[in-house]
Structure formats: structure tokens, C-alpha cells
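Encoded as C-alpha cells, the structure appears first; notes follow it.
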Amino acid sequence: MKNIKIKNLPFQIPAGKIICIGRNYAEHAKELGHEIPEKPVLFLKPSSSLIQSGEDVIHPSFSNEMHHEVELVLLIGKTIKDADKKLAEDVIAGYAVGLDMTLRDLQNELKKKGNPWTVSKCFDTSAVISEVILKKDYTLTLDEEISLSVNGTVRQKEKLNKMIFKPVEIVEYISSMMTIEEGDLIFTGTPAGVGKVNRGDTINAEIENVGKLHCNVI
Ligand code: MG
């Protein structure tokens, strides 16, 4: 079982499932050659893929193209199903900055064959998160900037308000498809600028006022 660190809390909480949104920024959908989706595109990562800021991302030997994707992460504080907007807002307990590490070569191959992306997204260390800031300690406005740099060079930089589906809409939609449980994490999609990282690279990511994340690729 993996744990989640929370700012100003003396204990960690167990991580549930990790639900991810794909293609949630128009410019990123374009850079991968996709249409703008009408509904959120969902996929899952196992909680075993989770590591915390400061731990190493281990480059799998079965891929030659691992990409960074920086994302706003939502922590769910209460189990829900079929939530309306009000309840969807209430169950978001906090926010973090996260990385949805992706094996782009495998993902492209799997997509071409019409197969699930699972192995390109679920490897150990493929989900990285910062400490969570609770909603009671910070109110997200979506005017915050999300950014990522590799070896000190900025690769991704965007305002959160460029998300196609906003956090409340995402929670409402997911809850219409499956039960979302306390401790689940939702990765809300990445802005444009995704790219390759190699062993030896250092990744820094930040969401203004929300948190910072740091990891090395080994
Ligand atoms: Mg992603």
C-alpha cells in the first residue's frame, strides 16, 4: 500500500486508485494529433505505480521513449457515486502537483493496434506526487500556473484555466461511471510540451501556491 503526504498533517494516508484524464488541454491534444474530446478520456494507474516527490523515477528497460506529463492532482476525501456539482466540489479534499510518466513508444504501438494503453502508463514509479495541500488551507482559483522543467530547461508552462474539463466537472463525470473512494487520486491531464526524459535527468515541477515536486530519472 502506498501513502500520500499531506501538508500540516502529522500522518500519511493510504492511496486508493489513480484515475487519469487524457487530452484535457487543447494544445496537448493537438500536439499528439488528437481531436478535442467531447467527454473526459479516462484511464487508470494502479496505486503500486505511486511515488512521492524526492524518490527516483526508474526508466523501464522495455521502453526507449519515456515522456513527462505534469498535471494537477485532486485528492478525494469521501466515497461517492453519481455526484452532482455541489457534492463533486465538496469531495475534493486537496490538491497536489503530479507527474503522469508515460512510455510514449509503447503507447503509440498499442493505440495503433487498438489495444489498451495499460503497460505504457502503469509501470512502477510512473505516478509521482508532491505533498497534498488541503482545500481548507488553499482555495484553487485555476489562475495558477503549472510548469515543468528538465535539467533546468522549462518544457511545460500553462495556466490551469486552460483545462477543457475543470476539476468539478471531472469528478462529477467520473462518479457517473464508477465509485470514487476516499484516498483516490485524480490526475487531471497535461498541458502541451510533453517530451522525452533520459536516465540521469532531473525533473522539477510546480503549481503556483499548490506545491513543488522534484525527482531524478535513473
Ligand atoms: Mg497524462
Requested in this report: On the protein heavy atoms, probe 1.4 angstrom, tell me the percent of accessible surface of region 3-216 carried by carbon and sulfur.
Outcome: 49
Requested in this report: May I ask for the percentage of alpha-carbon pairs in the chain that lie more than 20 Å from each other?
Outcome: 54
Query raised in the report: Roughly how many nanometres apart are two label points built 7 Å out from the Cα toward the Cβ at Ile218 and Thr179?
Result: 3.8
Requested in this report: For Lys7, list the lysines whose Cα falls under 22 Å from its own Cα; do not include residues on the same chain fewer than 8 positions away.
Outcome: Lys17, Lys78, Lys135, Lys136, Lys212
Query raised in the report: Once the other residues with Cβ under 14 Å from the Cβ of Ser48 are scored (Lys, Arg +1; Asp, Glu -1), what is the net sum?
Result: +2
Report summary line: Out of Lys136, Lys162, Lys78, a Gaussian network model of the chain with alpha-carbon springs under 10 Å gives the largest mean-square fluctuation to Lys136
**Report entry** Cα centre as origin, Lys/Arg/Asp/Glu Cβ charges: the chain dipole, Debye
**Finding:** 280
Query raised in the report: What are the principal axis extents of the Cα atoms in region 173-218, in Å, biggest first?
Result: 41, 24, 22
Query raised in the report: From the phi of every residue in region 133-145, what ³J(HN,Hα) in whole Hz does the Karplus formula 6.51 cos²θ - 1.76 cosθ + 1.60 yield, where θ is phi - 60° and glycine or proline is x?
Result: 9, 6, 4, 6, 9, 7, 9, 6, 9, 6, 7, 5, 9
Query - Spacing of the two label points (7 Å from each Cα toward its C-beta) at Glu65 and Gln12, in nm - result: 3.4
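Per DSSP H run of n ≥ 4, the term is -39500 (n - 2.57); total these for the chain, divide by its residue number, and report the mean residue ellipticity at 222 nm rounded to 500 deg cm²/dmol.
Details: 5 runs with 38 residues, N = 218.
After summing the helix terms and dividing by residue count, I get -4500 deg cm²/dmol.
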Report task. With a 1.4 Å probe and every protein chain left in place, work out the accessible area per residue of the chain in Å², rounded to a whole number. Result -> 45
Requested in this report: Given the options Arg199, Arg155, Arg104, state which has the largest fluctuation in a GNM of the chain using a 10 Å cut-off (strictly under) for Cα springs.
Outcome: Arg199
Query - Interchain or long-range residues, amide H under 5 Å from Ala15's placed H - result: Lys2, Asn3, Ile4
**Report entry** Excluding exposed DSSP-loop chymotrypsin sites (Phe, Trp or Tyr not before Pro) (at most 13 other C-beta within 10 Å), longest clean stretch of the chain
**Finding:** 63-218
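The values are calculated or read from the model by the stated rules, or taken from the named source; none is laboratory data. None of these values were measured; they are calculated from a predicted model. Here the Cβ is made from the backbone with ideal geometry for all residues, glycine too, and neighbour counts use every protein chain on show. The protein model used for the area step is the full one, side chains on, heavy atoms only, and it has no ligands, DNA or RNA in it. Shrake-Rupley method; radii C 1.70, N 1.55, O 1.52, S 1.80 Å.
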